[in-house]
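The values are calculated or read from the model by the stated rules, or taken from the named source; none is laboratory data. Given the structure is predicted, the values throughout are model-derived calculations rather than measurements. Reconstructed Cβ throughout: ideal geometry from the backbone, glycine too, with neighbour counts over all protein chains shown.
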Amino acid sequence: MAADNVPDTAWKSTLIDDVGETVNLCFQCGTCTSSCPSGRMTAFRTRQILRMAQFGLPELILPSDDLWYCTTCYTCYERCPRGVEIVGIITSLRNMAVRAGFMSEAHKDLVKTLYETGHLIPTSDKIMALRKDLGLDEVPHTVLRDKEALKQVQYIMEQTRLLMIIKES
Amino acid sequence: MDLAFFVGCIAPLRYPGIESATREVLERLGVSIRDLEGASCCPAPGVTRSFDVKTWVTMAARNIALAERQGQNIMTVCNGCFGSLFESAHLLGEDPALLRDVNDILEGLNMTVTPHGVEVRHFAEFLAKDVSDNTIKKSFKRKLDLDVAVHYGCHFLKPSKIKQLDDPERPTMVDKLVELTGARSLEYKDKQMCCGAGGGVRARHPDTALAMTKAKMDIIKEAGADCIVDVCPFCHLQYDKGQKALGKDYDIPVLHLAQLYGLAMDIDPKLLGFEAHDIPVKLKV
């Protein structure tokens, strides 16, 4: 990576390889920012992220907390007059941030739960009792009652190396 | 093609009443479903896709492959699951290189995913498109006298280019489904605004997620809603737990569409699982 204010053209090519050319179409009208529910509450400015991506400034984008205020609601994407794949671009930038080691502990914990259980929500005795009261099987017909199925999920996460990436960071 | 019920995570493990209501309601409508055996988390788009697209699409592909093996289309009651499974199925159908990469991994599990092999359906759009209004109305045992704040959530209709279900800015699909019960769907400001939970924001920036929920709740309270009706267990959780966390006396019960239909069908409220809700569901219906 180049110094944080010098455009990194090689990095920019990687981004475009991943999400296509639409990042170049942004003309900074700010429709995204003004449509953003998260931006109403915080200093997160979608337009700024896009401009930094256009310039090729990974050192400013990837460590930034701002990248993680997007709820992926797609309002900006739906309204963008230039057809910029905004959510796709933010997603790609987040993937890069994770690989560069910028991931919150709360998010790392979610990945661990996903690996260990195949779900993102832990179960509990209370919920199992309620399920029974409702006439449902105490344990749903998912990986939760099928160890082989859970192993398959874990195999996928090992193949894609997500868990290793997190451990290394 | 029959339907494989993809339960997801939040419905079975936090609000099982959404799962039981869905089963009861579909049975009364004559729609037969089977469990999608061995399914995992969809996996949740806001977090998993944000972390690693390949993990997200491959796990989703495994769930899709399970449905193919059962010879059934997928039905989900959750916008997050719908987003992951529908969009992954779309990508796998459009991108041969991605399909190859994903099947290379699935091969290690003796599994394979076929482009356009199964359809991914959401409970709400299935009711709107595949079940007639008459059939739905005939299944109802009573008229609900309620003012409802419908919350569509984000991943039900968007990205609209591929979902193609309704106008993403001014949709009517869920409002119409709600009004079949006799309830009135309220117009309210920022109706299409996100609940705040998505994109990993609830986990990483819970206060920001809650600020969005508060903005929505203030408007919904002002509009005079008797309850919120959602089509997504994650939005459901955000509104239900969010009201409690905000500590204000909004006191507006949160129902999934399946639970509202359960009330209209006069299903025993005990089977609708309201006791899992933080905001008590006390409605004069």
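Could you tell me whether A:Ser124 is at pLDDT below 95 and more than 7 Å from every other protein chain (Cβ to nearest Cβ)?
On the way: at pLDDT below 95: yes; more than 7 Å from every other protein chain (Cβ to nearest Cβ): yes.
It is true that A:Ser124 is at pLDDT below 95 and more than 7 Å from every other protein chain (Cβ to nearest Cβ).
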Can you list residue pairs whose Cβ atoms sit under 8 Å apart, with the first residue in region B:105-130 being closer than 13 Å to B:Gly93 by Cα and the second being modelled with pLDDT of 95 or more and part of a loop (DSSP other than H, G, I, E, B)? Count only pairs 6 or more apart in sequence or on different chains. B:Val118/B:Gln72
Considering only residues that are touching a Ser or Thr at 6+ places or on another chain (Cβ under 7 Å) and under 19 Å from B:Thr22 (Cα atoms), look in region B:144-175 and name the one that is farthest from the other protein chains (Cβ to nearest Cβ). B:Leu144
Checking B:Asp101 against (1) within 11 Å of chain A (Cβ to nearest Cβ); (2) surrounded by fewer than 19 Cβ atoms within 10 Å (Cβ to Cβ); (3) under 20 Å from the mean Cα position of the chain (by Cα); (4) assigned to a helix (DSSP H, G or I), only one condition comes out false. Which one? (3)
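Can you pull out the residues in region A:60-70 that are part of a loop (DSSP other than H, G, I, E, B) and more than 7 Å from chain B (Cβ to nearest Cβ)? Write out each step before concluding.
In the first step, residues of region A:60-70 are kept if they are part of a loop (DSSP other than H, G, I, E, B); the result is A:62-64, A:69-70.
Selection gives A:Leu62, A:Pro63, A:Ser64.
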Could you list all residues from region A:36-52 that are within 14 Å of chain B (Cβ to nearest Cβ) and among the polar types (S, T, N, Q)? A:Ser38, A:Thr42, A:Thr46
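If we scan region B:38-49, do we find a residue that is surrounded by fewer than 24 Cβ atoms within 10 Å (Cβ to Cβ) and of a type in the set (Val, Ile, Thr)?
Of all residues in region B:38-49, those surrounded by fewer than 24 Cβ atoms within 10 Å (Cβ to Cβ) come to B:38.
Then keep just the ones that are of a type in the set (Val, Ile, Thr); that gives none.
Scanning region B:38-49, I find no residue that is surrounded by fewer than 24 Cβ atoms within 10 Å (Cβ to Cβ) and of a type in the set (Val, Ile, Thr), so the answer is no.
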Among the listed residues B:Tyr239, B:Tyr250, which satisfies the condition of being surrounded by fewer than 23 Cβ atoms within 10 Å (Cβ to Cβ), touching a residue at least 24 places away in the same chain (Cβ under 8 Å), within 30 Å of A:Asp65 (Cβ to Cβ) and among the aromatic types (Phe, Trp, Tyr)? B:Tyr250
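Given the criterion more than 14 Å from every other protein chain (Cβ to nearest Cβ), of a type in the set (A, V, I, L, M, F, W, C), over 28 Å from A:Glu85 (Cα atoms) and touching a helix residue (DSSP H, G or I) at 6+ places or on another chain (Cβ under 7 Å), identify the matching residue among B:Ala124, B:Ala128, B:Ala183.
Details: B:Ala124 fails: over 28 Å from A:Glu85 (Cα atoms); B:Ala183 fails: touching a helix residue (DSSP H, G or I) at 6+ places or on another chain (Cβ under 7 Å).
The unique qualifying residue is B:Ala128.
What helices (runs of 4 or more DSSP H) completely inside region A:71-169 contain at least 3 residues that are within 21 Å of the chain's Cα centre (by Cα) and within 25 Å of B:Gly153 (Cα to Cα)? So that I can check it myself, show each step before the final result.
Details: elements: A:75-79, A:86-99, A:105-117, A:125-133, A:147-159, A:162-168.
Hits in region A:71-169: A:75-79, A:86-99, A:105-117.
Just give me the residues in region A:48-64 being of a type outside the set (A, V, I, L, M, F, W, C) and more than 12 Å from A:Ile89 (Cβ to Cβ), in sequence order.
Keep residues of region A:48-64 that are of a type outside the set (A, V, I, L, M, F, W, C), which gives A:48, A:51, A:54, A:56, A:58-59, A:63-64.
Result: A:Gln48, A:Gly56, A:Pro58, A:Glu59, A:Pro63, A:Ser64.
Can you confirm whether A:Leu114 is facing chain B (nearest Cβ under 8 Å), in contact (Cβ under 8 Å) with a residue 12 or more places away in the chain and either among the polar types (S, T, N, Q) or within 30 Å of B:Gly273 (Cα to Cα) (or both)? Break it down stepwise before answering.
Working: facing chain B (nearest Cβ under 8 Å): yes; in contact (Cβ under 8 Å) with a residue 12 or more places away in the chain: yes; either among the polar types (S, T, N, Q) or within 30 Å of B:Gly273 (Cα to Cα) (or both): yes.
Spelling it out, A:Leu114 is indeed facing chain B (nearest Cβ under 8 Å), in contact (Cβ under 8 Å) with a residue 12 or more places away in the chain and either among the polar types (S, T, N, Q) or within 30 Å of B:Gly273 (Cα to Cα) (or both).
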Those residues that are touching a helix residue (DSSP H, G or I) at 6+ places or on another chain (Cβ under 7 Å), on the phi < 0 side of the Ramachandran plot and part of a loop (DSSP other than H, G, I, E, B), I need them from region B:38-79; list them, please. B:Ser40, B:Cys41, B:Cys42, B:Pro43, B:Ala44, B:Asp52, B:Val77, B:Cys78
Going through region B:232-285 in order, the residues found to be of a type in the set (Gly, Ala, Ser) and either farther than 24 Å from B:Met75 by Cα or not in a loop (DSSP other than H, G, I, E, B) (or both) are B:Gly242, B:Ala245, B:Gly247, B:Ala258, B:Gly262, B:Ala264, B:Ala276
Looking at (1) within 11 Å of chain A (Cβ to nearest Cβ); (2) in contact with a Lys or Arg (Cβ under 7 Å, 6 or more places away or on another chain); (3) closer than 27 Å to B:Lys270 by Cβ; (4) among the hydrophobic types (A, V, I, L, M, F, W, C), which one does B:Met75 not meet, given that it meets all the others? (1)
Filter region B:194-212 for residues that are more than 7 Å from every other protein chain (Cβ to nearest Cβ), crowded, with 24+ Cβ neighbours inside 10 Å and either assigned to a helix (DSSP H, G or I) or more than 19 Å from the chain's Cα centre (by Cα) (or both) and give the result. B:Arg202, B:Ala209
